[in-house]
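The values are calculated or read from the model by the stated rules, or taken from the named source; none is laboratory data. All figures in this text were calculated on a predicted structure; none of them were measured in a lab. Glycine also receives a Cβ, built like all others from the backbone with ideal geometry; neighbour counts cover every protein chain displayed.
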């Protein structure tokens, strides 16, 4: 287990990029989740629009360059974003069903999920 509190933000982001780009199953949730939680905590120190913008910039670097990898099995183009606001698969767009339950990027949309569960 890595101590995410002693890592720089750049190191944390690199862990996620390495996980995404790895062959097979990646590093596993026991590594990835603490990294995402720490990044969310650091971004959470910012306020409203500033936190949202910082998270969007992070997602642009973390998500795959190939848009083909962001297509749900239903054919819906997924756009992970702050609370899924920009995603066609968020269940709020006419003609598109909600894809969140099976989305590999769900937690990327909700970096502050832990705050809402406590």
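Of everything in the range 1-32 that's part of a helix (DSSP H, G or I) and modelled with pLDDT under 70, which residue is nearest to residue 82 (Cα to Cα)?
Step one: of the range 1-32, the residues part of a helix (DSSP H, G or I) are 4-6, 9-21, 29-32.
Pick out the ones that are also modelled with pLDDT under 70 and you get 20-21, 29-30.
On the way: 20: 19, 21: 22, 29: 21, 30: 23 Å.
Among those that are part of a helix (DSSP H, G or I) and modelled with pLDDT under 70, it is 20.
What pairs come out if I take residues in the range 93-118 that are on the phi > 0 side of the Ramachandran plot and modelled with pLDDT of 70 or more and pair them with residues that are part of a loop (DSSP other than H, G, I, E, B) and exposed (fewer than 11 other Cβ atoms within 10 Å of the Cβ) whose C-beta lies under 7 Å away, six or more apart or interchain?
none
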